[in-house]
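Values quoted throughout were computed directly from the atomic coordinates according to the rules given, and no laboratory measurement underlies them. What you are looking at is a predicted structure, and each value in this text was computed from that prediction instead of being measured. Glycine gets a Cβ as well: all are built from the backbone with ideal geometry, and neighbour counts include every protein chain shown.
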Amino acid sequence: MATVGIIGGTGPAGTGVAIRLAAGGHHVVLGSRDAQRAADVAEGLTVTGTGSISGAGNDAAAGAEIVVIATPWDSAVQTARALRESLVGKVVISMVNALQREGRELVPLFPPRGSMAAQIEAALPDSKVVGAFHHLPASEMGDLESGLAADVVIFGDDAASREVVCALVDDMPGLRGVIAGSMSLAAPIESFTAVCISINIRHKVHSYVRLAGMGE
């Protein structure tokens, strides 16, 4: 099983991914700018399965075999750039969405390269950047009893790295990896997160993406 570092992983989205990775047997390092905060958050999480969750600084999390970037969108590129040397040759998963609240809705923002994954890829030219984990309700991700049965849409330019991420997702209970294609799909996939969240806010639900016609 892999060791997975989650950069900026102490928020609900990052901890939800960590809990399901650990339940799938993987060893997770939650990263934060504040190593003690990461350690405290990790200690407070309930781990089910054969995996584990520990907390450390972002630099330690970047030393894992596979790395997830889960920071707020406005600090993701700067954080990735600062850790560039530690991420050379690694699969780096971007789960970052650039969103802005307008009234009761969230609307997508489009950075200069069209998506956050493309921005991160430009900041990490020696890494293999793959997008995933964009359309998932954080509260359900963190609750293994929630009945979550969601599809995780995966994209990126390196085919082998997409397969690595898909296998990782398939290990996580309640999730199924679905490879969509190349980095050219990043903008529509990331921006659809705004639709998912706005529906959940308007209808007071915790819905998620499940693609029909894909089999079980």
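Each Lys or Arg adds one and each Asp or Glu subtracts one; over the other residues with Cβ under 15 Å from the Cβ of G55, this totals -2. At 20 Å minimum axial length over the Cα atoms and a Kyte-Doolittle cut of -1.0, report the qualifying DSSP H helices in the chain, or say none. Those that pass (Cα extent of 20 Å or more, hydropathy at least -1.0) are 186-203. The charge dipole of the stretch 16-140, taken about its Cα centre with unit charges on the Cβ atoms of Lys, Arg (+1), Asp and Glu (-1) only, comes to about 180 debye.
Within the stretch 54-94, none of the trypsin sites (Lys or Arg not before Pro) combine a DSSP coil assignment with at most 11 other C-beta atoms in a 10 angstrom radius.
Dipole orientation for the chain: of the candidates G114, Q100, P72, Q100 has the Cα lying most toward the positive pole (charges on Cβ; Lys, Arg +1; Asp, Glu -1).
Counted over the chain, the DSSP beta bridges are approximately 20% antiparallel.
Within the stretch 173-216, the trypsin sites (Lys or Arg not before Pro) that combine a DSSP coil assignment with at most 16 other C-beta atoms in a 10 angstrom radius are K204, R210.
Dipole magnitude for the stretch 90-216: computed about the Cα centre from +1 point charges on Lys and Arg Cβ and -1 point charges on Asp and Glu Cβ, it is near 400 debye. Centroid-to-centroid, using Cα positions, the stretch 45-91 and the stretch 1-38 are 8 Å apart.
5 Å is the cut-off here: which amide hydrogens, built 1.01 Å from N in the peptide plane, fall below it relative to V68, excluding neighbours closer than 5 in sequence? Here G5, I6, I7, I93 satisfy the definition. Peptide packing for 54-60, 41-47 was compared via the average number of neighbouring C-beta atoms within 10 Å per residue; ordered from the highest value, the list is 54-60, 41-47.
Annotation note: GluC sites (Glu not before Pro) in the stretch 115-167 located in DSSP loop regions with a Cβ neighbour count of at most 10 within 10 Å are E145.
The dipole here belongs to the chain: it is taken about the Cα centre, uses +1 on the Cβ of Lys and Arg and -1 on the Cβ of Asp and Glu, and is about 420 debye. Considering only alpha-carbon pairs that sit under 8 angstrom and 6 or more positions apart, the relative contact order computed for the chain is 18 percent.
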